[in-house]
Amino acid sequence: MATVPIFSSGGLKTFVGNPPENPTSPSIYRPLSYRRLRISAAKTSPKLTGRNLRVVVVGGGPAGGSAAEVLAKGGIETYVIERKLDNCKPCGGAIPLCMVEEFDLPLDIIDRRVTKMKMISPSNVAVDIGRTLKPDEYIGMLRREVLDAYLRERAAGAGATVINGLFTKMDLPVDANAPYTIHYNEFTGVGGVGEKRTMEVDAVIGADGANSRVAKSIGAGDYDYAIAFQERIRIPEDKMVYYEDLAEMYVGDDVSPDFYGWVFPKCDHVAVGTGTVTHKGEIKKFQSATRLRAKDKILGGKIIRVEAHPIPEHPRPKRVAGRVALVGDAAGYVTKCSGEGIYFAAKSGRMCAEALVEGSEMGKRMVEEGDLRKYLEKWDKQYWSTYKVLDILQKVFYRSNPAREAFVEMCADEYVQKMTFDSYLYKRVVPGNPLEDLKLAINTIGSLVRANALRKEMNKISV
Ligand SMILES: Cc1cc2nc3c(=O)[nH]c(=O)nc-3n(C[C@H](O)[C@H](O)[C@H](O)COP(=O)(O)OP(=O)(O)OC[C@H]3O[C@@H](n4cnc5c(N)ncnc54)[C@H](O)[C@@H]3O)c2cc1C
């Protein structure tokens with residue numbers, strides 16, 4: 001027989017730093033004033049009796065909200081800890097069409113349907129890359145505060161308990177089936193640091209974004225990251241007409257040495273931003289350059305919000321440890337080149353939760369690391385190649401202005417547009433046309449040769 005304490009407050013000892021991996025006296029990590037729930041045989045048998053599997057999801061962004069909904073529907077006692085229920089995550093808010101369908105998103109949470117995308121080269125050559133879209137195809141643009149709240153509320157509707165609190169740390173279990181103790185500050189009133197509480201759970205999903213404390217708690221290791229900077233700019237109504245259904249991407253050394261600058265339309269403003277991995281200290285300079293490139297179109301605009309946030313560059317060395325799994329940005333699932341992470345966050349949250357529901361037989365038995373590893377296997381099988389291809393594309397095309405000119409030139413090709421949009425909108429590898437693939441390969445080589453020749457000429461000039 002084991003006792004599993006659930007929510008507690010008051011009389012709590014606080015511990016600074018990480019708990020020891022193998023505490024000799026586990027009881028010192030347990031506050032005394034718990035309300036205790038008796039359960040049977042959790043330590044000796046994988047079957048749970050008298051209760052269902054209890055899982056906490058730390059973070060209520062797209063990854064956390066999607067995970068919690070699946071868990072709750074799958075018979076698991078589900079808690080979500082989110083530090084800021086009106087969180088306005090710094091984000092461009094662009095989502096692929098398949099996310100609307102797959103996650104059954106209501107159309108009224110989408111501010112804009114972008115059907116025209118302009119790719120603008122270092123020398124300001126603009127290529128329209130939405131020409132191959134079908135009439136019902138678009139890129140969704142939304143505000144993250146709206147999406148995140150919607151997904152969280154849906155999870156709550158399915159039975160998850162959403163707690164407004166800050167996760168601070170967790171104590172690791174003392175043996176195979178023992179609980180994880182989660183420490184958090186619950187915000188019960190206005191302002192303040194909240195009340196210290198703990199809860200004991202069987203498994204943890206770390207959906208707490210790029211600065212994940214759950215990742216730190218399990219020693220998941222670091223990743224390289226880009227810093228992204230964004231200004232929300234309210235522009236005059238007549239200027240907004242231009243961005244009605246259009247987004248822009250700017251490439252060039254001025255806007256970023258290794259990423260791109262963007263102007264994405266929102267309900268009543270545009271989001272203008274850029275990012276970089278290699279020159280983080282110069283991000284404000286790149287932001288000014290992005291604004292400068294778009295200046296005629298945003299003239300008279302007023303900056304209403306300035307925001308910045310890290311974007312992971314690759315998955316963390318460790319994404320699962322024991323009964324803890326990382327999803328979304330906490331795991332490092334943003335694609336290179338595009339900096340896209342919303343869909344991958346929601347999808348990984350869902351996949352991880354499905355693995356827990358399946359592994360626990362709808363919450364009826366204890367899970368183990370192997371159950372969570374199934375999520376990793378499925379994820380890597382489905383997306384590893386996407387990440388690799390985009391990584392290579394970024395290395396080839398974002399490395400110099402001549403290469404970027406070649407990239408924009410290539411984007412004028414309708415076949416390239418179709419392949420790019422199909423794989424972005426639907427997140428599936430689209431079978432190509434062999435003849436068109438051959439033409440594309442020849443054109444790409446041609447573009448790169450021209451880019452290389454141009455770079456050599458430019459180098460000669462600058463010597
Ligand atoms: C400027 C910028 C622009 C971007 N533009 C796009 C775009 O247009 N399209 C796209 O697909 N992707 C974009 N991304 C990437 C995208 O924002 C992320 O990939 C996505 O938000 C990841 O979702 P997530 O749920 O994993 O993490 P997050 O969205 O970061 O959510 C984590 C949640 O956890 C909460 N949290 C964190 N720590 C704690 C804690 N200790 N306790 C409790 N709660 C906690 C946070 O409040 C937050 O709500 C952009 C990123 C940036 C920075």
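A single entry from R112, R154, R143 fulfils the requirement of being touching a helix residue (DSSP H, G or I) at 6+ places or on another chain (Cβ under 7 Å) and either under 16 Å from W262 (Cα atoms) or not assigned by TED's automatic domain parsing to the domain that holds E307 (or both): R154. Just so you know, in segment 123-148 the residues that are of a type outside the set (G, A, S), out of contact with any Phe, Trp or Tyr (no Cβ under 8 Å at 6 or more places or on another chain) and not in a loop (DSSP other than H, G, I, E, B) include one that is farthest from E101 (Cα to Cα), and it is V127. Kindly evaluate G341 against the criterion of being buried (at least 21 other Cβ atoms within 10 Å of the Cβ), out of contact with any Pro (no Cβ under 6 Å at 6 or more places or on another chain) and under 30 Å from V241 (Cα atoms). Yes.
Among the listed residues K134, K169, which satisfies the condition of being within 16 Å of the ligand (Cβ to nearest atom), of a type in the set (D, E, K, R) and either more than 22 Å from E77 (Cβ to Cβ) or at pLDDT 95 or above (or both)?
Values: K134 fails: within 16 Å of the ligand (Cβ to nearest atom).
Among K134, K169, only K169 is within 16 Å of the ligand (Cβ to nearest atom), of a type in the set (D, E, K, R) and either more than 22 Å from E77 (Cβ to Cβ) or at pLDDT 95 or above (or both).
From the list A158, A203, A215, A207, the lone residue that is surrounded by fewer than 18 Cβ atoms within 10 Å (Cβ to Cβ) and of a type outside the set (F, W, Y) is A158.
Determine if segment 67-82 includes at least one residue that is assigned to a loop (DSSP other than H, G, I, E, B), at pLDDT below 95, more than 16 Å from the ligand (Cβ to nearest atom) and at positive phi. Scanning segment 67-82 turns up no residue that is assigned to a loop (DSSP other than H, G, I, E, B), at pLDDT below 95, more than 16 Å from the ligand (Cβ to nearest atom) and at positive phi.
The residues in segment 351-369 that are assigned to a helix (DSSP H, G or I) and over 14 Å from V56 (Cα atoms) can be counted, and the count is 6. Screening segment 53-66 for residues that are within 16 Å of the ligand (Cβ to nearest atom) and of a type in the set (A, V, I, L, M) and picking the one that is nearest to M99 (Cα to Cα) gives A63.
Residue count for segment 246-268 satisfying the condition of being farther than 19 Å from P310 by Cβ, modelled with pLDDT of 95 or more and not in a strand (DSSP E or B): 2.
Residues considered: G273, G261, G252, G209. Of these, the only one that is assigned by TED's automatic domain parsing to the domain that holds G300, in contact with a helix residue (DSSP H, G or I) (Cβ under 9 Å, 6 or more places away or on another chain) and on the phi > 0 side of the Ramachandran plot is G252. Consider M240 carefully, then state whether it is away from the ligand (no atom under 14 Å from the Cβ) and either touching a Phe, Trp or Tyr at 6+ places or on another chain (Cβ under 9 Å) or not hydroxyl-bearing (S, T, Y) (or both). Yes; evaluated as a whole, the condition is true for this residue. Scanning segment 379-408 for residues that are among the basic types (K, R) and farther than 18 Å from G275 by Cα yields a count of 2. Candidates are the residues of segment 289-315 that are crowded, with 19+ Cβ neighbours inside 10 Å and assigned to a loop (DSSP other than H, G, I, E, B); the one that is nearest to the ligand (Cβ to nearest atom) is P315.
Residues in segment 328-351 that are farther than 19 Å from D224 by Cβ and under 8 Å from the mean Cα position of the chain (by Cα) were compared, and the one that is farthest from the ligand (Cβ to nearest atom) is A346.
So if I check each of Y333, Y375, which one is in a loop (DSSP other than H, G, I, E, B) and buried (at least 20 other Cβ atoms within 10 Å of the Cβ)?
From the options Y333, Y375, the qualifying one is Y333.
For the residues E358, E354, E377, the requirement of being over 13 Å from the mean Cα position of the chain (by Cα), more than 16 Å from the ligand (Cβ to nearest atom) and either within 27 Å of G93 (Cβ to Cβ) or modelled with pLDDT under 95 (or both) singles out E354.
Can you tell me how many residues within segment 168-203 are part of a strand (DSSP E or B) and closer than 14 Å to A321 by Cα?
Within segment 168-203, the subset part of a strand (DSSP E or B) is 168-171, 180-186, 195-201, 203.
Filter once more, keeping what is closer than 14 Å to A321 by Cα: 170-171, 180, 203.
Looking only at that region, the number is 4.
Let's see how each residue does on (1) assigned by TED's automatic domain parsing to the domain that holds E358; (2) outside any loop (DSSP other than H, G, I, E, B); (3) farther than 27 Å from D245 by Cα; (4) not polar (S, T, N, Q):
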site: N52; (1), (2), (3), (4): yes, no, yes, no
site: G64; (1), (2), (3), (4): yes, yes, yes, yes
site: V100; (1), (2), (3), (4): no, yes, no, yes
site: D108; (1), (2), (3), (4): no, yes, no, yes
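The values are calculated or read from the model by the stated rules, or taken from the named source; none is laboratory data. Quick caveat, the model's predicted, so the values are computed rather than measured. Neighbour counts run over all protein chains shown; Cβ positions are idealised from the backbone, glycine included.
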